[in-house]
Amino acid sequence: AQSVTQLGSHVSVSEGALVLLRCNYSSSVPPYLFWYVQYPNQGLQLLLKYTSAATLVKGINGFEAEFKKSETSFHLTKPSAHMSDAAEYFCAVRGGLTGGGNKLTFGTGTQLKVEL
Amino acid sequence: GAGVSQTPSNKVTEKGKYVELRCDPISGHTALYWYRQSLGQGPEFLIYFQGTGAADDSGLPNDRFFAVRPEGSVSTLKIQRTERGDSAVYLCASSLTIQGADTQYFGPGTRLTVL
């Protein structure tokens, strides 16, 4: 079974400040990990994904995430927040065909607020 | 190209009624997924199709929920005898294959409200 924990349901940062959104996962098989962003009244959009290649993954809009197996973490970061980054962010885990199936298991989400 | 589309975007119904929610996946995608997102929660898996067949329906909450994909493209999620607890946003996603690394592309969702 797989699960995802996102610490902090709400995060507030100043424009230009570092963004750090936390994600810890539990998986019985080597996982695939994803970050999605959801803007108000829109569908989920993929930011980036980890697929067992490089542990540091770069995504769209300047976001990146680092897979740390020893910490079972996949935290999302961005060096400098922009007002347009305000949205809800979801971390998700997916097992391979040998375990966990093909469904995504999502965390409960982190609402990012960017203040002037 | 066109993304995943879902109709209707909003559906309001009365308790006990039957509803159908439609999903048009990205052309050529063999896998199609349904998720349900309640207020303040992340999406929860309901069912997924590989081609025409339901490969995993373990997330369907009870036998009032049923989904079909008769021609391996469009899918319909059907809910019988709706209850107020069924109110949520129903999301559809598709992916090119069922490989674990494949991206699931999401539609905008159908917001279902059961009065």
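Hey, could you check the range B:69-98 for residues that are free of Cβ contacts under 8 Å to residues at least 60 places away in the same chain and β-branched (Val, Ile, Thr) and say which is farthest from B:Arg36 (Cα to Cα)?
Among those that are free of Cβ contacts under 8 Å to residues at least 60 places away in the same chain and β-branched (Val, Ile, Thr), it is B:Val74.
Which residue pairs have Cβ atoms closer than 7 Å, lie 6 or more positions apart in sequence or on different chains, and pair a first residue in the range B:99-115 that is at the interface with chain A (Cβ under 7 Å from one of its Cβ atoms) with a second residue that is among the charged types (D, E, K, R) and open to solvent by 30 Å² or more (accessible area, probe 1.4 Å)?
B:Thr103/A:Lys49
Determine which member of the set A:Val4, A:Val13 is under 21 Å from B:Tyr105 (Cβ atoms) and either of a type in the set (A, V, I, L, M, F, W, C) or in contact (Cβ under 8 Å) with a residue 60 or more places away in the chain (or both). First the steps, then the outcome.
Numbers: A:Val13 fails: under 21 Å from B:Tyr105 (Cβ atoms).
Testing whether each residue is under 21 Å from B:Tyr105 (Cβ atoms) and either of a type in the set (A, V, I, L, M, F, W, C) or in contact (Cβ under 8 Å) with a residue 60 or more places away in the chain (or both) leaves just A:Val4.
Filter the range B:14-40 down to the residues that are among the hydroxyl-bearing types (Ser, Thr, Tyr) and open to solvent by less than 40 Å² (accessible area, probe 1.4 Å) and list them by number. Steps first, answer last, please.
Of the residues in the range B:14-40, the ones among the hydroxyl-bearing types (Ser, Thr, Tyr) are B:18, B:27, B:30, B:33, B:35, B:38.
Those that are among the hydroxyl-bearing types (Ser, Thr, Tyr) and open to solvent by less than 40 Å² (accessible area, probe 1.4 Å): B:Tyr33, B:Tyr35.
With the condition kept exactly as written, say whether any residue in the range B:80-87 is on the phi < 0 side of the Ramachandran plot and either within 13 Å of chain A (Cβ to nearest Cβ) or in a strand (DSSP E or B) (or both). Steps first, please.
Within the range B:80-87, the subset on the phi < 0 side of the Ramachandran plot is B:80, B:82-87.
Next, only the ones that are either within 13 Å of chain A (Cβ to nearest Cβ) or in a strand (DSSP E or B) (or both) stay: none.
No: zero hits.
For residues that are crowded, with 21+ Cβ neighbours inside 10 Å and closer than 18 Å to B:Gln104 by Cα, scanning just the range B:46-68, find the one that is nearest to the other protein chains (Cβ to nearest Cβ). Talk me through it step by step, then tell me what you get.
We begin by selecting, within the range B:46-68, every residue crowded, with 21+ Cβ neighbours inside 10 Å; these are B:46-49, B:67.
With the extra rule that they be closer than 18 Å to B:Gln104 by Cα, the set shrinks to B:46-49.
On the way: B:Leu46: 9, B:Ile47: 9, B:Tyr48: 6, B:Phe49: 10 Å.
Here the residue is B:Tyr48.
Just to be sure I understand, how many residues within the range A:23-49 are at negative phi, open to solvent by 20 Å² or more (accessible area, probe 1.4 Å) and either in contact with a strand residue (DSSP E or B) (Cβ under 7 Å, 6 or more places away or on another chain) or free of Cβ contacts under 8 Å to residues at least 12 places away in the same chain (or both)?
Of the residues in that region, 11 qualify.
Out of all the residues in the range A:52-63, is one or more among the hydrophobic types (A, V, I, L, M, F, W, C), in contact (Cβ under 8 Å) with a residue 24 or more places away in the chain and away from chain B (no Cβ under 11 Å)?
Taking the range A:52-63 as the starting set, the residues that turn out to be among the hydrophobic types (A, V, I, L, M, F, W, C) are A:53-54, A:56-57, A:60, A:63.
Within this subset, residues satisfying the condition of being in contact (Cβ under 8 Å) with a residue 24 or more places away in the chain are A:63.
Add one more test, that the residue is away from chain B (no Cβ under 11 Å), and what stays is A:63.
The answer is yes; a qualifying residue exists.
The values are calculated or read from the model by the stated rules, or taken from the named source; none is laboratory data. What you are looking at is a predicted structure, and each value in this text was computed from that prediction instead of being measured. Counting neighbours? That spans all protein chains shown, and the Cβs are built from the backbone with ideal geometry, glycine included. The area values use the complete protein model at the heavy-atom level, side chains included, leaving out ligands, DNA and RNA. Shrake-Rupley method; radii C 1.70, N 1.55, O 1.52, S 1.80 Å.
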